[in-house]
Amino acid sequence: MAPATKVAAPPPKAKTNAGVKKAVGPKGAKKQKMREQMVRMQAFFKENRSKYKDQDFKEQQKSLGADWKKSPKNPKNSA
């Protein structure tokens, strides 16, 4: 039997910071504010859905979205 030869392990690769960075989401107060705005929008949609009862759901959403963009209840319009 031939004697086994030892193979040297390759040196460890150095870590690089190259590549895609993870996106950092909103934190704390900003996240809470976004949640409140979403609740307002959903309440607006619920209140006004009856205006578009003759349309199918997808068309209702488009119409309600257009109304929401113009609405004074939209926080972006009051700023």
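The values are calculated or read from the model by the stated rules, or taken from the named source; none is laboratory data. Treat the numbers as computed from the prediction; the structure is a model and nothing was measured. Cβ: placed from backbone, ideal geometry, glycine included. Neighbour counts: every protein chain shown.
Within the range 19-36, residues that are assigned to a loop (DSSP other than H, G, I, E, B) reach partners that are modelled with pLDDT of 75 or more with beta carbons closer than 8 Å, at six or more positions or on different chains, in the pairs Gly25/Lys31; Pro26/Met34. The residue that is surrounded by the fewest Cβ atoms within 10 Å (Cβ to Cβ), counting only those in the range 37-71 that are assigned to a helix (DSSP H, G or I) and touching a residue at least 24 places away in the same chain (Cβ under 8 Å), is Gln37.
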